[in-house]
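Okay, so here's the structure we're looking at.
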Amino acid sequence: MPAPHKLMADAIRVLSMDAVEKANSGHPGMPMGMADVATVLWSKVLKYDAGDPNWPDRDRFVLSAGHGSMLLYSLLHLSGFKAMTLDQLKAFRQLGSATPGHPEYGHTPGVETTTGPLGQGLAMAVGMAIAERHMAARFGADLVDHRTWVVAGDGCLMEGVSHEAISLAGRLKLARLTVLWDDNRITIDGAIDLSDATDQLARFKAAGWAVKAIDGHDLGQIGRALAWARRQDKPTLIACKTRIGKGSPNFEGTHDVHGKALGEAEVAATRKALGWPHEAFVVPDEVYRPWRAAGRRGARVRKAWAARLAASPARAEFERAVAGALPAHAFGQLDAFIAEAEQARPAAATRQHSGTVLERIFGEIPDLIGGSADLTGSNNTYVKNTQVLDAPDYAGRYINYGVREFGMAAAMNGLALHGGVIPYGGTFLVFTDYSRPAIRLAALMGIRVIHVGTHDSIGLGEDGPTHQPVEHLAALRAMPNLHVFRPADAVEVAECWKLALDAQTAPSVMALSRQKTPAVRTAPIGENLSARGAYQLAAAEGPAQVTIFATGTEVAIALAARDLLQADGVGTRVVSVPCFEHFDRQPADYQAALIGETPVRVAVEAGVRMGWERFIGEHGAFVGMTGFGASAPDKVLYPHFGITSEAVAAAAKAKL
Ligand SMILES: Cc1ncc(C[n+]2csc(CCOP(=O)(O)OP(=O)(O)O)c2C)c(N)n1
Ligand SMILES: [Mg+2]
């Protein structure tokens, strides 16, 4: 190997080994193994400018094998990203550092996404590559013309989500996407043969990818493969045959080097073997020089791009979209819809109202990209006459995600992370179990993605308990920074959609009913009451003795129960609770007043009780589910499981 490349790659090896040694924790094997591939990519091919980590037209580099974070931190440091100082490398894995164990989005400039959970980086990269093609179609190649590169390990490819991701990418012909597979045949427990015998090249090929295998330590092969990838009209997989822990005389090629410090003696032996005479964290100028030049390589290209943007008539719109701001008129038609609904009081399934809301905003917010995991008609996510997003022009705004809930949710994260688009996608609420790991990453990263979860209770009826969510609302509400909405009628649906779209730093789930439900918001208010999270929908006549809290389709049941109680002279107020998370953010005095001091508090929701203590206290009554549902019409199931206005009234009376 020519001297500069060897020195540049060895710098990654040594920095990674030393940082792990200092922390006495971390993963040296993967960075040492992939150092050659990463050096060629970052010094010759990747389009980036270390001086401007957020340049919108940069290539995206996703480290799906996130345990190898020292690879990325070394690259960021060596190529000159200002935030990635030597001190940060020395503080690897320490509290408050920019170098956490796994790369975290929004924490460290130059890190595109959080990729600790194996496989999800690859799946998010698919979303990034979709966003790139779509934005290129919308704004032209002058402004959007970049690639997405993924480093994935054996683990990423073993994870099931990789299947969803690669088949979707293959179908959409995402030629700007390249996966660099660290084909080292080692995972934590030992050799790959212990647990896997897949022909990965054949698998990717079958999904519509162009594939190639190379020696991941051969400069010429790496360079030629990267050039080959750029010429393909399909997504590309490059299997890079590497030796994990390359350079360590005793551990190279073994699983011992995957995830622990090498130890003083082996660190010294590795230095000697590599011919690297410098102390820990000392990088000589002759190594910095070519690395810093690599980091500046893109500056000229970026400046030319900036000049094109400055001269572009689309500049303001491009900048607005990339900043994630909504158009000024985003909700014009939606406000009209709310006013109409307050008058017309339409009774319908809340999923249907959601579909109508989408019709009112889709034209106003060109950044919206919809989709569904093969339940388009059920989720009401498709707006009439919308072009499907597909090769070759990618200008469409609706994605047929196929039966891939996890892949869809991860791709939505990638779309949001790329910027310029706002993804929403539908499935049955019960299948958020399938997409939950990606919802969790969205919540952790603080990004705006909107999950439409229809068929939100036993009210879906005959499909039965496999399809009827019971614990899902509680489970989703348990997740930090996730906004879980369960609107009751057309007005609340519109209000909750507004809140989801306004939340630039949190994902949302819309829990929507399959079954018809009456309007409950029947008076013009001129305020987004759902923004309070919970609000009094009906006051008590006379002194209030009972408060009934309810969400979604059960709000109507609560109102009917109030009628029964009031007829018996029991003053009853009804509180609608479209979103726990928004309620938690209200001032304490609002919360206290809203929960109130009636002697009896009852909650009704066609799910489990967990979490409702927040509103009803330890001694409140709860009307809902205690087990799984059943297969029957919804009109039968609600009385069968005792979720009726009579049951709510009786529960209140029993407590009086
Ligand atoms: C979803 C998920 N499961 C398990 C882990 C824990 N884990 C981290 S690395 C790893 C093995 C990965 O093997 P490979 O991708 O081949 O990495 P290498 O050992 O080659 O560096 C495992 C199981 C994880 N990070 N994410
Ligand atoms: Mg491996």
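The values are calculated or read from the model by the stated rules, or taken from the named source; none is laboratory data. Computed from a predicted model, the values in this text were never measured in an experiment. Note: ideal-geometry Cβ built from the backbone for every residue, glycine included; neighbour counts use all protein chains shown. Note: accessible area is taken over every heavy atom of the protein model, side chains too, but ligands, DNA and RNA are not part of it. Shrake-Rupley method; radii C 1.70, N 1.55, O 1.52, S 1.80 Å.
Among the residues of segment 520-530, is any basic (Lys, Arg) and open to solvent by less than 30 Å² (accessible area, probe 1.4 Å)? Reasoning before the result, please.
To start, the set of residues in segment 520-530 that are basic (Lys, Arg) comprises 521.
Okay, now just the ones that are also open to solvent by less than 30 Å² (accessible area, probe 1.4 Å), so 521.
Within segment 520-530, one or more residues are basic (Lys, Arg) and open to solvent by less than 30 Å² (accessible area, probe 1.4 Å).
Which residue out of ARG477, ARG448 is closer than 16 Å to GLY425 by Cα, open to solvent by 10 Å² or more (accessible area, probe 1.4 Å) and either out of contact with any helix residue (DSSP H, G or I) (no Cβ under 7 Å at 6 or more places or on another chain) or among the basic types (Lys, Arg) (or both)? It would help to see each step written out before you state the result.
Values: ARG477 fails: closer than 16 Å to GLY425 by Cα.
From the options ARG477, ARG448, the qualifying one is ARG448.
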> Of all residues in segment 372-423, how many are under 17 Å from ILE361 (Cα atoms), hydroxyl-bearing (Ser, Thr, Tyr) and out of contact with any Lys or Arg (no Cβ under 7 Å at 6 or more places or on another chain)?
Replying inline: 3
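Answer yes or no: is there a residue in segment 115-130 that is modelled with pLDDT under 95, open to solvent by 20 Å² or more (accessible area, probe 1.4 Å) and either in contact with a Pro (Cβ under 9 Å, 6 or more places away or on another chain) or in a helix (DSSP H, G or I) (or both).
Yes, the conditions are met somewhere in segment 115-130.
Quick check on this structure: which one of ALA202, ALA229 is away from ligand 1 (no atom under 16 Å from the Cβ) and either among the aromatic types (Phe, Trp, Tyr) or crowded, with 16+ Cβ neighbours inside 10 Å (or both)? Give the derivation first.
Values: ALA202 fails: either among the aromatic types (Phe, Trp, Tyr) or crowded, with 16+ Cβ neighbours inside 10 Å (or both).
After applying the criteria, what remains is ALA229.
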>> Of the conditions (1) within 20 Å of THR236 (Cβ to Cβ); (2) open to solvent by 10 Å² or more (accessible area, probe 1.4 Å); (3) within 16 Å of ligand 1 (Cβ to nearest atom), GLY155 satisfies every one except a single condition; which number is it?
In response: (1)
>> Within segment 65-73, does at least one residue satisfy the condition of being modelled with pLDDT of 95 or more and open to solvent by 30 Å² or more (accessible area, probe 1.4 Å)?
In response: yes
> Which of the residues spanning segment 18-44 are over 27 Å from ALA229 (Cβ atoms), under 31 Å from the mean Cα position of the chain (by Cα) and in a helix (DSSP H, G or I)?
Replying inline: ALA19, VAL20, ALA23
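Determine which member of the set HIS134, HIS163 is farther than 16 Å from GLN232 by Cα, more than 17 Å from the chain's Cα centre (by Cα) and either within 16 Å of ligand 1 (Cβ to nearest atom) or open to solvent by 10 Å² or more (accessible area, probe 1.4 Å) (or both). Before you say what the answer is, go through the steps one by one.
Values: HIS134 fails: either within 16 Å of ligand 1 (Cβ to nearest atom) or open to solvent by 10 Å² or more (accessible area, probe 1.4 Å) (or both).
Sole residue among the options that is farther than 16 Å from GLN232 by Cα, more than 17 Å from the chain's Cα centre (by Cα) and either within 16 Å of ligand 1 (Cβ to nearest atom) or open to solvent by 10 Å² or more (accessible area, probe 1.4 Å) (or both): HIS163.
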> In segment 413-432, how many are of a type outside the set (Gly, Ala, Ser) and under 23 Å from ALA330 (Cα atoms)?
Replying inline: 8
> What number of residues within segment 363-391 are outside any loop (DSSP other than H, G, I, E, B) and open to solvent by less than 10 Å² (accessible area, probe 1.4 Å)?
Replying inline: 6
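What number of residues within segment 259-288 satisfy the criterion of being away from ligand 2 (no atom under 16 Å from the Cβ) and open to solvent by less than 60 Å² (accessible area, probe 1.4 Å)? Spell out the reasoning first.
Looking only at segment 259-288, we keep the residues that are away from ligand 2 (no atom under 16 Å from the Cβ), and these are 261-288.
Subset that is open to solvent by less than 60 Å² (accessible area, probe 1.4 Å): 261-263, 266-271, 274-276, 278, 280-281, 283-284, 287-288.
Of the residues in that region, 19 qualify.
Out of the residues in segment 169-197 that are under 24 Å from GLN232 (Cα atoms) and open to solvent by 60 Å² or more (accessible area, probe 1.4 Å), which is farthest from ligand 1 (Cβ to nearest atom)?
Taking segment 169-197 as the starting set, the residues that turn out to be under 24 Å from GLN232 (Cα atoms) are 169-183.
Applying the additional criterion that residues be open to solvent by 60 Å² or more (accessible area, probe 1.4 Å) yields 171, 173.
Values: ARG171: 24, LYS173: 27 Å.
Restricting to residues being under 24 Å from GLN232 (Cα atoms) and open to solvent by 60 Å² or more (accessible area, probe 1.4 Å), the top hit is LYS173.
Quick check on segment 29-38. Is at least one of its residues touching a residue at least 12 places away in the same chain (Cβ under 8 Å) and more than 16 Å from ligand 2 (Cβ to nearest atom)? Show your work before the answer.
Of segment 29-38, the ones touching a residue at least 12 places away in the same chain (Cβ under 8 Å) are 29-38.
Next, from what is left, pick out any that are more than 16 Å from ligand 2 (Cβ to nearest atom): none.
No - not one qualifying residue is present in segment 29-38.
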> surrounded by fewer than 20 Cβ atoms within 10 Å (Cβ to Cβ) and in contact (Cβ under 8 Å) with a residue 60 or more places away in the chain, is that true of SER576?
Replying inline: no
>> For segment 55-92, give me each residue that is part of a loop (DSSP other than H, G, I, E, B) and of a type in the set (A, V, I, L, M).
In response: ALA65, ALA83, MET84, ALA91
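Within the group LEU72, LEU86, which residue is of a type in the set (A, V, I, L, M) and closer than 18 Å to LYS260 by Cα?
Working: LEU86 fails: closer than 18 Å to LYS260 by Cα.
After applying the criteria, what remains is LEU72.
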> Going through segment 587-624 one residue at a time, which ones are of a type in the set (A, V, I, L, M, F, W, C), surrounded by 16 or more Cβ atoms within 10 Å (Cβ to Cβ), within 31 Å of the chain's Cα centre (by Cα) and not in a strand (DSSP E or B)?
Replying inline: ALA606, VAL608, TRP612, PHE615
> For LEU415, are the conditions met, namely being crowded, with 23+ Cβ neighbours inside 10 Å and closer than 18 Å to MET124 by Cα?
Replying inline: yes
> Pick from ALA506, ALA488, ALA511: which is surrounded by fewer than 24 Cβ atoms within 10 Å (Cβ to Cβ) and either in contact with a strand residue (DSSP E or B) (Cβ under 8 Å, 6 or more places away or on another chain) or in contact (Cβ under 8 Å) with a residue 12 or more places away in the chain (or both)?
Replying inline: ALA506
>> Which pairs turn up if I take residues in segment 228-255 that are assigned to a helix (DSSP H, G or I) and look for partners that are within 16 Å of ligand 1 (Cβ to nearest atom) and open to solvent by 70 Å² or more (accessible area, probe 1.4 Å) with beta carbon separation below 9 Å, at least 6 apart in sequence or on another chain?
In response: HIS255/ILE188; HIS255/ASP189
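Just to verify a result, which residue in segment 239-258, among those that are more than 16 Å from ligand 2 (Cβ to nearest atom) and at negative phi, is surrounded by the fewest Cβ atoms within 10 Å (Cβ to Cβ)? Talk me through it step by step, then tell me what you get.
Start the filter on segment 239-258 by keeping residues that are more than 16 Å from ligand 2 (Cβ to nearest atom), which leaves 247, 249-250.
Adding the requirement that they be at negative phi leaves 249-250.
Numbers: PRO249: 12, ASN250: 15.
Within segment 239-258, the match that is surrounded by the fewest Cβ atoms within 10 Å (Cβ to Cβ) is PRO249.
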>> I'd like to know if segment 92-103 contains one or more residues that are within 13 Å of ligand 1 (Cβ to nearest atom), crowded, with 23+ Cβ neighbours inside 10 Å and within 25 Å of the chain's Cα centre (by Cα).
In response: yes
